[in-house]
1. Would you work out the relative contact order for the range B:100-240, in percent, from Cα pairs under 8 angstrom that are 6 or more residues apart?
2. Can you give me the orientation-averaged projected area of the convex hull built on the Cα atoms of the range B:100-240, in nm²?
3. Only loop residues by DSSP count here, and only those with at most 12 other Cβ atoms within 10 Å; note down the GluC sites (Glu not before Pro) in the range B:229-271 that meet that.
4. Using helices alone, what [θ] at 222 nm do you get for the protein assembly as shown, with -39,500 (n - 2.57) per DSSP H run of 4 or more residues, divided over all residues and rounded to the nearest 500?
5. Please determine, in degrees from 0 to 90 and to the nearest 10, the orientation of helix B:224-234 with respect to the longest principal axis defined by the Cα atoms of chain B, where the helix direction is its Cα long axis.
6. Looking at the range B:1-55 from every direction and averaging, what is the projected area of its Cα convex hull in nm²?
7. Using DSSP to call loops (not H, G, I, E or B), can you name the chymotrypsin sites (Phe, Trp or Tyr not before Pro) in the range A:186-231 whose Cβ has at most 13 other Cβ atoms within 10 angstrom?
8. To the nearest 0.05, how large is the calculated FRET efficiency for B:Cys170 and A:Asp77 if R₀ is 22 Å and r is the Cβ-Cβ distance?
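Computed from the coordinates by the stated procedures, all read-outs in this text should not be read as laboratory data. Note that the structure is predicted; figures quoted are calculated from it, not measured. Here the Cβ is made from the backbone with ideal geometry for all residues, glycine too, and neighbour counts use every protein chain on show.
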Amino acid sequence: MAEEKKSWRKPIKATKEMGRIMAEYFYELHDADQTRKQKIAWCTSVGPAEILRAMGFLVHFPENHGAMLGASRMATDLIPVANAQGYSPDICSYLTADIGSYLKGETPLAKAYKGIDSVPKPDVLVYNTNQCRDVQDWFAWYAEEFKVPLLGIHTHRNIVDVTEVYIPSIAKQMEELIPPLEEISGKKFDMDELKHVVALSRKCSDLWQEVLFTAANVPSPITFFDGTIHMGPAVVLRGTQAAVDYYELLLAELKERIQNGVAAVEGERFRLYWEGMPVWGRLSSHAKLFAGLKTNVLASTYCNSWIFADFDPEDPFMSMAKAYTELFIVRSDHAKEKYIEEMLDFFKVDGIIYHDAKTCPYNTNCRYGMPQRLEKKTGIPSLIINGDLNDLRMISDEQTKTNVEAFIEQLEERK
Amino acid sequence: MGAAKPVYVGVDVGSSRTKLAVMDDRRNLLGFAVRKSGTDFYATAERCLETGLQMAGVPADAIRYCVSTGYGRKNVAFSQDTRTEISCHAKGCYYYFPMAVSIIDIGGQDNKIIKIDDNGNRISFKMNRKCAAGTGAFLEEMSARLDIPLEDMDGLARRSTEMVKLGSFCTVFSGTEVLENIRSGKKVTDIVKGLFFSVIKRVMEMDSLTEKVVMTGGVVANNPYIVEMAAEIIGHEILVPEYPQLTGAIGAALYAMDIRAKLADTQSTEA
Ligand code: SF4
């Protein structure tokens, strides 16, 4: 298989700038942690970060830390520490890795950023159950540990159509966060500031969407694996000018690639859609595996999840409520299937990879017959790989490799 | 040089056994070999090659092309290309049964259900998940626990009069269940049949089956009673190739033939 060994992926130049703004973000949080001059809030990744920013909090995202624990492959050693505290190996391995990391006093931040030796301590914890129940339990553990207030938004789940039945109740919950947050921050809520932050978040989201949608080009200038790295600012810095500036830079580079016909995976033969979470500890080996087969996994539900097209600065609460509920993860299988179908068509996809992540049923969409239904409807074949976002004990690299190679051989036969 | 008839070799290096097939250009199986894979895949493959060529009655320089497959497909010094075992099983099965079928392959470490259409093209495949339940490894583990030789299992299961039902999903739990049954005085024959039944059940729950079903793999080769039991469960006959264990190796040899023909084509157009 001489061909397979010559993998070629094109590195993105903007990565360096992303490294810089992410470092700035972590050092700013670290500084606030040391001096306590600015208040720190912890927030879930698709939670009401805009409100927190508008009220002057610096925001730490435990899920981002969870992903770093996965990508640095520290997670697998730390998960058992939380398991021993009664947090099962079957539940969210962001949660178990993160709590394990705290209990052992080890963090990937220390390796990446000189002088930082721990995550910043919170003044308040704010979650949204739109994605799952695990975040509530996760934040509750820290609320107990740090003796700080725990606030939450409880979203309806498995929604078919996002209608008036749902939105006002979520918007109301968001508004009700304001008085306790004013008390914690010692600052009065300023509507204009919130509008400003929501406007910046919307800009970030629009640009992020444009970045991801460049993958519709043949050949695609970007891969899903690039997306999982470059989504960092959309997760932790949305609502800031830094994120907007960054995506303008990245988008310009990708547009240049398109103009020059530059492919992210040289000789792109097959175009795949990734459904589910990445296996953080295997990002580069998976990227290599597919590139070696001249296959670009170029789009995903996961990276698209930080597109919030409904943000409207003129109506912040209602529009945030809508945007954070419109999300794929909050929806019924029926709505999800419709969405994936559109994406398959838009990105001109040859096949789908479903990642059955052992510890995240919420981001796993192949357990209720969806692959079979979608395949029947679209004729696009799919493959399920078993794995996990963080817990590498759940992974067989050999089985993944054989399954992926066999899937590509199947696509070859069809061509 | 050139006197010996050209042959194509397929070698399937499984986690438990290495299988090799030698075929001529008219797709006749001339020779084959099966050996324990052991720890040195390279050496085992070489020894299989010697045996296979000897049986075929051809020298090594008669080999036109070789494709390897299976878990150790990259550990074969003499192969020029690789294909996954999924593709090779499909191709090997279609060689025996040129029709739309579902293939159930029960191997040493994994199971597969592969569906192919009328033209031999693969429609879908499923490989088993992380656990050994339902594989050859499960039967090996149980034979050790029950202290009965693996090769006696088929005969024992056939003599069962009242099969013991084992409900558990996992190999370790099944082991406990087996011990409980021994303690409560159940007959070994009935327990062994229960083990066979649990292997079949684990495989069947991986995917739905189409009308025609083929069974392959080492477990089937050594325990033909499993096929009879499975046929009873699905309610119709199950097809089994002449050498169920060689399906992957035969498929690999057929790929070798295809690839060689394609290479010859490109060379002639380039010339
Ligand atoms: S959605 Fe999944 S990965 Fe994310 S926090 Fe919830 S359980 Fe964990």
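1. 30
2. For the range B:100-240, the mean projected area of the Cα convex hull comes to 7.9 nm².
3. Passing both the DSSP loop test and the Cβ count: B:Glu237, B:Glu242.
4. Numbers: 29 runs with 332 residues, N = 686.
So the helix-based figure for the protein assembly as shown works out to -15000 deg cm²/dmol.
5. Value to nearest ten degrees: 70.
6. Computing the convex hull of the Cα atoms and averaging its projections yields 3.9 nm².
7. none
8. Efficiency, rounded to the nearest 0.05: 0.35.
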